[in-house]
Amino acid sequence: MSLTPIGIFDHVIESGDTLYQLAQRYNISLDDISAVNPEVDSDKLKIGQNICIPIKKSVATANIIGGPLRPQIRGIVNFYNVSGGTWVSVEVNGLPPYQPATNKESPIGPHGFHIHEFGNCQVGDPQNPFQAAGEHWNPTNQRHGNHAGDFPVLFSNKGYASMCFFTNAFKPEQVIGKSVIIHLNPDDYRTQPAGNSGKRLACGVIQKA
């Protein structure tokens, strides 16, 4: 029985590509590919042609749990292997209500969202939790804003956030054993080394799916 895809992305045909090879590469069936490409003739693929690939099974996943500053948070992040990088899917409930910035305080939300160095979600200091996760994952020693672990901010609606995006900064296998952190404040993508995202509200260890 075919699984319902969580999404679809484009694969650009390269020299030597066949639908069979694409099915093997992305761990899906030929029927899966045919279902989302009904007009494609498998015997007449052309270099540069776009083929839709259904995304079905994640390679890595993180269950996000809120810490003492926001225990209501629960969520999941999935990492899918796609051509040239990773498709990231996140769904979170229990985020705090948005509060605009004041003269002294940064806004609460949209929320900084990153991969951190270590797969350790021990709370530690309840007023400054999840420090055991380390800093942003930055394997190529980039300035903040271009870390491999720098993600878009999470926009919430009544505490709920859902987002999908592509990154070419890593493949899913590379982040297994790291952690995902949700912060109180937005990432400004300027302040070094971490974007001034504020305290850490929630954490999840990235594991093999």
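The values are calculated or read from the model by the stated rules, or taken from the named source; none is laboratory data. Just so it is clear, the structure is predicted and the values come from calculations on it, not from any experiment. Cβ: placed from backbone, ideal geometry, glycine included. Neighbour counts: every protein chain shown.
Regarding Ser89, is this residue part of a strand (DSSP E or B), modelled with pLDDT under 90 and of a type in the set (S, T, N, Q)?
Spelling it out, Ser89 is indeed part of a strand (DSSP E or B), modelled with pLDDT under 90 and of a type in the set (S, T, N, Q).
So which of Asn120, Asn138, Asn185 ends up being of a type outside the set (Val, Ile, Thr), touching a helix residue (DSSP H, G or I) at 6+ places or on another chain (Cβ under 6 Å) and surrounded by 15 or more Cβ atoms within 10 Å (Cβ to Cβ)?
From the options Asn120, Asn138, Asn185, the qualifying one is Asn120.
Which one is modelled with the lowest pLDDT, of the residues in the stretch 23-64 that are under 21 Å from the mean Cα position of the chain (by Cα) and among the charged types (D, E, K, R)?
Restricting to residues being under 21 Å from the mean Cα position of the chain (by Cα) and among the charged types (D, E, K, R), the top hit is Lys56.
Among Glu117, Glu91, which is more than 17 Å from Gly198 (Cβ to Cβ) and touching a Lys or Arg at 6+ places or on another chain (Cβ under 8 Å)?
Checking each option against the conditions leaves just Glu117.
For Leu95, work out the one condition from (1) in a loop (DSSP other than H, G, I, E, B); (2) at pLDDT 95 or above; (3) surrounded by fewer than 22 Cβ atoms within 10 Å (Cβ to Cβ) it doesn't fulfil.
It fails just one condition, (3).
For the stretch 39-93, name all the residues that are in contact (Cβ under 8 Å) with a residue 40 or more places away in the chain, over 29 Å from Gln127 (Cα atoms) and of a type in the set (Val, Ile, Thr).
Ile51, Ile53, Ile55, Val59, Val82, Thr86, Val88 - these are the residues of the stretch 39-93 that are in contact (Cβ under 8 Å) with a residue 40 or more places away in the chain, over 29 Å from Gln127 (Cα atoms) and of a type in the set (Val, Ile, Thr).
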